Structure formats: structure tokens, C-alpha cells
Amino acid sequence: MKVEFIEDAELFASASRTIFDTRTDSEQRTEWLSHRTNSIGGSEIGMIAGFSNYGSALTVYNDKLGLARRFEGNIHTKFGNRMESNIREWVQDDFLESEGIELKTFEYPFMMVDKECNYFSANIDGLGLLKDNWTYRENKDTGEIWQIPKDEYFGLEIKTGSEFLKRMWEGDDIPDSYYLQVMWYMMITGLKYFMIIYLLGKEIKWKVIPRCESDIEAIRQLGKDFWNNNILAKVPPDVTGIKKETEQIIEQQTLKDESEIAISDDKLQKYNEISEQIKKLETEKEILKQNIFLEMQNSKKGFSEDGFFKVNRFEVNKETIDTKLLKEKYPNTYKEVIKNKSNFINMRISKIKKEGN
């Protein structure tokens, strides 16, 4: 079933203002990126809230102020963008087959900003309409049901992922960052429901997230605080420990200054102590693994006496390449197959030897 465009740029005029038709942008999406730089988008609110492994309030801050290289996509985002239009079309047939109700999906190509806070933006993956009321969830104990009424628009958010990510989507749960993303979109559009459609491997599935006013109010305040207290004030948020933050901190430094800096709050000592604790725990972990293997003898499977855990053992074959030998014998091939060079900053902490000790 063909997917049509909704051309009504004022569809959500009660809650937002349309600023841009994404179809008019160039292949580099220069205008879209410009608007994103000057606003908080749905994919960023989860980072600001601390629910993403791919970014944080600090990385969003660096992105908005141009303090680090902006993310330009990778093979996963490229695949997701390519698949989006197909999934939007395919889900119509899959939904009819699964639920017995006709689902009509649409593209909505307009970028919107919140009427009150023009630094809140949304660019949704599409809209859906059902030809009949659909009960997407039912509590058999209480009799409570959750429905999307027929002929009422709801938002679409499309995700793609590997089959290895199935655990993230088990039961009624969705990843926290995706939940906040669709709440953000409902805040800006005024929509009451969002359907997250996700492709895992070769299978398309969907889950519905209903509007929650208390959560919307919370992320609205979070967005205001971040914009006013960090972006406008140019005060960086605290670090949270994710790898992306470390990469951006290193990116902003040159390591050309030979002067010595006094490090505050015993950070060096604490770092050293934690490193020693990790070594000790790794040893304890390895001892436990060895004792588990000894108890299992030749068996592939086992379980704990209380019945809460099970263990499976399997062989893994891993091949490695002697890069030194490859470079020496086949230098031209080495240059062709090397993917990229990565520089990293290593840190070694040692005690200062003082006189008399």
C-alpha cells in the first residue's frame, strides 16, 4: 500500500509552529542541521536526561556550541534512514495480517518547534490512522483496556536494530531514551499516542506509547533548565562517565603544554585505588569462573542450587591477523585493508618519590 504525504503544515498548529519542509533541503541536509543545532530534538532529550549510552547532556552541549565534531552518521544510521520508507510501507500489510485492522501510514515532512519554547523541535517519522478502534493492551485482572480510536492521527517512530537487541524490547518495555523521545514529540505535536515500529533482523513489530502529562511536564522542565542554565549560560554539564564524553574531552585538548597541573580532590589517589579494586575483582571473577568450570566437568549446561540462574558453555573460534607480518610482506595490501587509524590517550599514575622515603 503506497504511503502518501500529509501536506497540511498547520496540522499541529495548536501546539507548535512549522518552520521547515525537509523535502526542500539538499542532500547534505544543511538547513535541517542548522535548525537542529539551535534547538533540542527528540533524540537528544534522552541523552540530556541520562538515559542514553550514545550521548549525554555534556555531548549535546558540545554539539550545540560547536565544541566537538558533530555526529555525521554511521553505517547503522545510514541503514536506518534507507529502511525507514520501506518499513513505513511494509507495516501496513503486517499490521492488517496481525491485527485484522487496516492501518494507513503517512509521511509528515515538516519540522516543528514548540509554540512557547522555540528551542524545542520535532521532526517525526510519520503518522498513522486506523480504520477501526484497536485495543493494543488489556489488563485481564482489572478489565482495563487501552485503545487507539479509529480515524485519529497518532505518531510513528521507526527503529531498526540487530536481532541481538531483542532483549531490549521484551514484554511491554521499550528503551528509556525512546520513551522520552516519543513523549517529546507528543509534547510538541499534541498527539495522544505514538506507535514505535521496530525492525529487528527480518521481523517488524510495534508498540504503542500513550501520552503521559506528568512525564511531558518533567521533560519540558528538563529541557528549559538545560537550555537556560547550560546552553545560554555556556556552563558545561557534569560528566557522567560514558565513552563519548571522554572522546570529546580529548578532542578538545592538544597535549602540547609541558607545565604541571595540580589535580584537586585526591582524584589521582581515588583513580589508583579504584584501578586496584578492579584488578582484585577481576581476579576474584576469574577464580569463580575456574571453580564453575571444575564443577561442570564436561557438561555444557548447569544451574544454581536456588534455581535462579543457569549457565551455558559454548566454543568460540576467533581468528587474528598478524598485522606486523602483513605490513612487512604485503605493504600495499596493508594500506588497502587498514580501516582507519585511531589515536587514544593513555594515562599512567604513579606515586611521587619523596626524599627520606
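Values in this text are rule-based calculations from the coordinates and carry no lab data. Just so it is clear, the structure is predicted and the values come from calculations on it, not from any experiment. With ideal geometry, Cβ positions are generated from the backbone for all residues, glycine too; neighbour counts draw on all protein chains shown.
The calculated FRET efficiency for the pair M296 and D322, based on their C-beta separation and a Förster distance of 35 Å, comes to about 0.55. Exposure proxy shown here: for M195, M296, M111, the number of other Cβ atoms within 10 Å sets the order, fewest to most, as M296, M111, M195. The C-alpha atoms of the chain define a longest principal axis, and helix 267-296 lies at about 80 degrees to it. Report the FRET efficiency, 1/(1 + (r/R0)^6), for L268 and A233, where r is their Cβ-Cβ distance and R0 is 22 Å, rounded to 0.05. Once rounded, the FRET efficiency stands at 0.15.
Taking the square root of 5 times each eigenvalue of the Cα gyration tensor, what semi-axes in Å does the equivalent ellipsoid of region 20-68 have, largest first? The partial results should precede the final answer.
Working: eigenvalues 103, 28, 14 Å².
In descending order the semi-axes read 23, 12, 8 Å.
Principal-axis analysis of the Cα atoms of the chain puts helix 176-189 at an angle of about 40° to the longest axis.
How do D151, D215, D265 line up, fewest other C-beta atoms within 10 Å first?
Numbers: D151 10, D215 16, D265 7.
Fewest-to-most ranking of D151, D215, D265: D265, D151, D215.
Find the relative contact order for the chain and round it to a whole percent, using C-alpha pairs within less than 8 Å whose residues are 6+ positions apart. Don't jump to the answer; show the numbers that get you there.
Details: 420 pairs, mean separation 59.1, N = 357.
17 percent.
Taking the chain as the reference, fit the longest principal axis to its C-alpha atoms, fit the long axis of helix 75-99 to the helix C-alpha atoms, and give the angle between the two in degrees, 0 to 90, nearest 10. With both axes taken from Cα atoms, the answer is about 40 degrees.
Taking the Cα centre as origin and putting +1 on Lys and Arg beta-carbons and -1 on Asp and Glu beta-carbons, what dipole magnitude results for region 267-337, to the nearest 20 debye? Mind dumping the intermediate values first?
On the way: 15 positive and 13 negative charges, 54 e Å.
Computed about the Cα centre, the dipole is about 260 debye.
Taking the DSSP beta bridges in the chain as the whole, what percent of them are antiparallel, to the nearest 5? Intermediate values should be presented prior to the final figure.
On the way: 29 of 39 bridges.
Percentage antiparallel, nearest 5: 75.
Each Lys and Arg adds +1 at its Cβ and each Asp and Glu adds -1 at its Cβ; summed about the Cα centre, the chain shows a dipole of about 1580 debye. Normalising the average separation of contacting C-alpha pairs (under 8 angstrom, six or more residues apart) by the number of residues puts the relative contact order of region 267-337 at 13 percent.
Remark on region 93-176: hydrodynamic radius 15.7 angstrom, per the Kirkwood mean of 1/r across alpha carbon pairs. Of the residues T333, W206, Y271, the one whose Cα sits farthest towards the positive end of the charge dipole of the chain is T333 (charges of +1 on Lys and Arg Cβ, -1 on Asp and Glu Cβ, taken about the Cα centre).
Against the set (1) 24.9; (2) 20.7; (3) 21.3, the structure's computed Kirkwood radius over Cα pairs in Å falls on (1).
Among the listed pairs K64/K104; K159/K280; K202/K300; K243/K318; K115/K207, which have their C-alpha atoms separated by more than 32 angstrom in this model?
Values: K64/K104 36 Å; K159/K280 40 Å; K202/K300 30 Å; K243/K318 26 Å; K115/K207 28 Å.
Check vs 32 Å cut-off fails for K64/K104; K159/K280.
Using R₀ = 30 Å, calculate the FRET efficiency as 1/(1 + (r/R₀)^6) where r is the Cβ-Cβ separation of T283 and V311; round to 0.05. The computed FRET efficiency comes out at 0.90.
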